[in-house]
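Please read the structure below before turning to the comments.
Here, each number is a calculation from the coordinates, and none is a lab measurement. Worth saying up front: this structure is predicted, and the values here are computed from it rather than measured. Don't worry about glycine lacking a Cβ; one is built from the backbone with ideal geometry, like all the others, and counts go over all protein chains shown.
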Amino acid sequence: MLMRTESPIVVALGGNAISRPDEEGNYAQQFANTRATSVHLADLIEAGCHLVITHGNGPQVGNLLRRVDLSAGELYRLPLDCCVSLTQGGMEYMVAQCLQNELRQRGHERNVTALMTSVEVDPADPAFANPTKPIGSFFTPERAAELIRDCGWQMTEIPQRGLRRVVPSPLPRQIIEIDIIRRLAARGELLVVAGGGGIPVVRQPSGDYHGVEAVIDKDRTSALLAREIEAGTLVIGTNIERVAINYHKPNERLLERLSLADARRHLADGQFPPGSMGPKIEAAIDFLENAKSDDPVVIICDCEHMPAALRSESGTWIVRND
């Protein structure tokens with residue numbers, strides 16, 4: 001099947017697109033990884049795809065919060081919503097610059113616009129009482145115990161990788177800047193928006209918005225964004241080429257194609273854990289259930305295979321009916 005170019009494609013960058021688990025994650029490394037990712041994004045653009053790009057910020061916001069903890073005796077603390085805004089701005093700048101440079105080197109003088117994005121959440125969302133969103137680095141049990149004791153962090157174990165801090169992750173209800181995003185996307189502008197799932201805000205009875213201590217899952221926000229701009233395809237980037245069931249077990253099976261019904265069934269059976277593939281499958285289900293197009297598609301793949309995945313030669317395609 002050919003790439004879908006008749007409507008916008010939302011690409012949610014994740015996994016090793018910007019930060020890789022085997023690196024310190026400093027700015028030089030992030031820029032190098034983003035430049036490599038931009039090669040694949042530019043391939044899609046040259047093939048005629050109209051992209052609206054989002055990205056995660058888990059490692060970055062976790063590291064920023066750690067800096068806040070370490071400097072608490074010298075400097076004022078930053079609330080979590082401000083940490084999200086700071087990492088969103090810095091990372092959107094990075095993605096936009098690297099992609100614009102890559103396109104210019106190929107002879108395409110196109111602007112890539114980064115747009116700071118806030119997302120409304122429900123202050124009564126049960127996530128605030130049950131933190132589940134992993135952020136930051138992975139830790140050994142010994143180091144995790146120290147951070148729990150010294151910083152009051154809550155931790156969860158990610159299979160095969162270690163322990164990681166968890167914070168509240170309420171569901172996105174509304175993208176505050178959606179009207180301008182919709183208008184720019186309709187004009188064919190290349191956009192980087194809703195980084196880190198968007199800056200979490202709640203609306204007061206007065207109508208004013210205020211930030212809250214949370215991190216919104218970027219794949220759930222990307223699914224909401226894709227619906228709102230009437231995208232036909234949502235691409236969720238991760239660090240594996242294809243989704244698997246029985247992951248890391250002797251009977252592991254890679255999935256080339258998955259129906260909405262099978263995605264629901266495997267999720268209910270516990271095949272996709274909350275700390276890793278679970279939110280991506282939930283976002284895929286949400287998009288497929290609510291997308292306005294007749295035949296929406298969700299593709300889960302790594303960045304390297306993204307062009308091939310859009311040709312149905314790689315990745316996992318999730319569709320309404322199969």
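The table below gives the values:
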{"read-out": "Separation of the Asn111 and Glu177 label points, Cα + 7 Å toward Cβ, nm", "value": "1.3"}
{"read-out": "Centroid-to-centroid separation of segment 266-306 and segment 1-68 [C-alpha atoms, Å]", "value": "17"}
{"read-out": "Per-selection metrics, segment 205-248 (Cα): Rg and Dmax in Å", "value": "16.0, 51"}
{"read-out": "Scattering curve values for segment 5-112, log₁₀ I(q)/I(0), Debye with Cα scatterers, q = 0.21 Å⁻¹", "value": "-1.11"}
{"read-out": "As computed over segment 218-322, the Cα convex hull volume per residue (Å³)", "value": "97"}
{"read-out": "Of the DSSP H helices in the chain, those whose Cα atoms cover at least 24 Å axially and whose Kyte score averages 0.0 or more", "value": "80-105"}
{"read-out": "Placed amide H near Ala114: partners under 5 Å, 5+ positions off or other chain", "value": "Val192"}
{"read-out": "Most mobile of Ser19, Ser293, Ser38 in a GNM of the chain (Cα contacts under 10 Å)", "value": "Ser293"}
{"read-out": "Rough spin-label spacing in nm, given labels placed 7 Å along Cα→Cβ, for Ala32 and Ala72", "value": "3.4"}
{"read-out": "Gaussian network model of the chain, Cα within-10 Å springs - most flexible of Gly275, Gly73, Gly48", "value": "Gly73"}
{"read-out": "Fraction of the pair-distance distribution of the chain above 37 Å, Cα-Cα pairs, percent", "value": "12"}
{"read-out": "FRET E, pair Arg265, Glu23, Förster distance 30 Å, beta-carbon r, rounded to 0.05", "value": "0.25"}
{"read-out": "Proximal lysines relative to Lys218, as straight alpha-carbon distance under 25 Å, when same-chain residues fewer than 8 apart are discounted", "value": "Lys133, Lys280, Lys292"}
{"read-out": "Length-normalised contact order of segment 188-322 in % [C-alpha pairs under 8 Å, at least 6 apart]", "value": "28"}
{"read-out": "Highest-fluctuation residue, Ile229, Ile18, Ile245 considered, GNM on the chain with Cα pairs under 10 Å", "value": "Ile245"}
{"read-out": "Debye equation applied to the C-alpha atoms of segment 97-236, log10 I(q)/I(0) at 0.10, 0.17, 0.18, 0.20 Å⁻¹", "value": "-0.46, -1.00, -1.05, -1.15"}
